[in-house]
Structures are given as C-alpha cells and as structure tokens.
C-alpha cells in the first residue's frame, strides 16, 4: 500500500464567549506554521488524522476540554478547499484522495 504525504495547515480559532448571553461575542483565527505528515495510510479515517495532528502539535485530547454551557460548536474541523469533512469517514470515502 502506498503511504500518503499530507500537508497540514493548522489554525486555532479563539472565541470570546459571553456567559450571560451564552453566545460568542467575537472570534479570532490564528494560522499556525504548516507541516507535512509523511507515511500516512490512505485507508485511515479523518479522525485518525486529527489524532495524529493533535499529537504532533502537543494539544490535549478533545475529551479533556471543558465546554461552556451554550457552546455547541465542534472542537475540531477538517476543511479542504472550503468544504468541511466528516471525522468518522475515511480519506478516500470523503473524497480527499481524489482531489490531489
């Protein structure tokens, strides 16, 4: 099986959240330095890719993050060419491999 080399361009979105109104007041997105992940199997899931990225960036697990009451947005998202992808789907199933 041919392994993939994937370029990752991580971003961190920070929300200033109102505890009173229970909604975001402002959002800031920071772009972090890009890096490549070599030797990624093409049959792995998008979720497996997210786990590897979190390990590489030394981020804590999503399960350990504390969610404020009223905050329902997902902690992680995978975007490619402006489209959001299902974390449970595989790279091939989600069409990511067909796009080059």
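The helix-only estimate of mean residue ellipticity at 222 nm for the chain, built from DSSP H runs of length n ≥ 4 each weighted as -39500 (n - 2.57), is -3500 deg cm²/dmol after division by the residue total. Over all directions, the projected convex hull of the C-alpha atoms in the chain averages 7.2 nm² in area. A simple spin-label model places the labels of residue 54 and residue 5 2.8 nm from each other, with each point 7 Å out along Cα-to-Cβ. When 80, 85, 20 are sorted by how many other C-beta atoms sit within 10 angstrom of their C-beta, beginning with the fewest, the order is 20, 80, 85.
For residue 29 and residue 68, compute 0.36 nm times the residue count separating them, minus their Cα-Cα distance, and round to one decimal in nm.
Values: separation 39, 0.36 × 39 = 14.04 nm, distance 1.92 nm.
Extending this stretch completely gives an extra 12.1 nm.
Among 78, 51, the ranking by other beta carbons within 10 Å of each residue's beta carbon, starting with the fewest, stands as 51, 78. FRET efficiency for residue 79 and residue 44, Cβ-Cβ distance as r, R0 = 30 Å, nearest 0.05? Given R0 = 30 Å and the Cβ-Cβ separation, E is 0.95. Rounded to the nearest 10 degrees, the inclination of helix 46-57 to the longest alpha-carbon principal axis of the chain is 70 degrees. The relative contact order of the chain comes to 27 percent, based on Cα pairs under 8 Å that sit 6 or more residues apart. Among 6, 16, the order by Cβ neighbours within 10 angstrom, fewest to most, reads 16, 6.
Throughout, read-outs are computed from the coordinates displayed, never taken from laboratory work. Treat the numbers as computed from the prediction; the structure is a model and nothing was measured. For neighbour counting, all protein chains shown are included, and Cβ atoms are generated from backbone atoms with ideal geometry for every residue, glycine included.
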